[in-house]
1. R0 = 45 Å: FRET efficiency of residue 389 with residue 30, Cβ-based, nearest 0.05?
2. Sequence gap at least 6, Cα distance under 8 Å: using those rules, report the relative contact order of the chain to the nearest whole percent.
3. May I ask you to derive the relative contact order of the range 75-215, considering only C-alpha pairs under 8 Å and at least 6 residues apart, and to give it as an integer percent?
4. What is the ratio of the Cα radius of gyration of the range 68-207 to 2.2 N^0.38 Å, with N the residue count, to two decimals?
5. Tell me, Kirkwood radius of the range 52-135 from alpha-carbon pair distances, in Å?
6. Can you tell me how much longer the chain between residue 79 and residue 397 gets when fully stretched, taken as 0.36 nm per residue apart minus their C-alpha distance, in nm with one decimal?
7. Dividing the alpha-carbon radius of gyration of the range 331-407 by 2.2 N^0.38 Å (N being the number of residues), what value is obtained?
8. Starting with the fewest neighbours, write out 50, 311, 97 ranked by other beta-carbon atoms found within 10 Å of each beta-carbon.
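Here, each number is a calculation from the coordinates, and none is a lab measurement. Note that the structure is predicted; figures quoted are calculated from it, not measured. Using ideal geometry, Cβ is built from the backbone for each residue, glycine included, and neighbour counts are taken over all protein chains shown.
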Amino acid sequence: MSGMITVEDALARVLASAEAPLNEERVALDAAHGRVLARDLAALRTQPPFANSAMDGYALRAADTLDAATTLTVVGESAAGRAFGGAVDPGQAIRIFTGAPMPEGADAIVVQEEVRREGDRIALIRPVAPGDNLRPSGMDFREGDALIPAGRRLTPRDVALAAAGNHAELPVRRRARVAILATGDELVAPGGALGPAQIIASNNFAVAGVVAVCGGVPIDLGIAIDTIAALDQAIRRARDAEADVLITLGGASVGDHDLVQKALVGAGMELGFWRIAMRPGKPLMHGRLGAMRVLGLPGNPTSSMVCAILFLRPLLRALHGEPDAGADPSEPGLLGADLTANGPRQDYMRATLSRGAEGRHVAIPAASQDSSLVKTMARAEGLVIRPPRAEAAKAGEACRIIAFATLGI
């Protein structure tokens, strides 16, 4: 454990590097979905702006319906976008359709199924009360009402609400630019020719997906071979791209062939930490290179993905101004299998999830937790969190889990 910091301490340091949310910019409504609102949004108009009908039927005066023998004369029609121009006098009614403006003089609407009509005369089956089937002005919201709070990641429903409030553009946080650099002589891009000691690079695609889900802009820097010159060139490209975050994949440790940390420090990076008491993901590096935050993720596929979920995701949420960026993403669950005692590092075990009788997730960890297994990570539905030195546990006991679906990952 010497030299290693806790997951909680590491997250606090990563979040501190966000300092303040990114600058604000304005975008059109059709580009606002998934963006984070920079300022509270208030309604610019009243919705609905006029009283209108909630049903197809007849607008009338409720007082005229108290006598069951009364019949009313239909004197006009009101439709959505085409209002009746006159007023409803005693003994009169107008044909009205859903969403149409309520005419002056009328105070209720009777649905068409409760009316018998002959020519221009209608008879009601029963009396109606004032306000029946009527939507008053401002029923939804009024001009100046709060609509959406700052820090909210906008859903399609939010965008519709902003549009109804008469906003054509919205103030949002600039999307974080995240440069992603895969490193290692052993890596070849998908579709490339493999040498005898090489493998296909895949981590960069997973990390780019996490960036996109979190609203950032992934910037692919490709693959850098294990030389200081190649790494220096890639770091310059990240700076030229004005990246807010540089993600390196692999080579962040201090072995003979792990040159990433050396290249970054040589370029001026202030190293924050590079070892965490967690499994997988122990050799996670964090630092600052001028205005650019640096996260050096481990090279193993599971390690890089787990670290992206635990550290990159909250960093991007903080940069985008989302509240509680470092909130615990875990939830209570139940074990679906026995587990042995845990070691000194916090463990994140890939698992499949199902719903138990109590509605909680039941998690069954994969038989092999080797961090190099891409298929195991792809088939997992979440992570079981085991604290350091946790005792052996039995199936059915409580646990904490991170459900990938909840995070949209």
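1. 0.30
2. Rounded, it is 16 percent for the chain.
3. Computed over the range 75-215, the figure is 12 percent.
4. The range 68-207 yields a ratio of 2.12.
5. Hydrodynamic radius (Kirkwood, Cα pairs) of the range 52-135 is 12.1 Å.
6. 108.4 nm
7. The value comes to 1.02.
8. Ranking 50, 311, 97 by Cβ neighbours within 10 Å, fewest first, gives 50, 97, 311.
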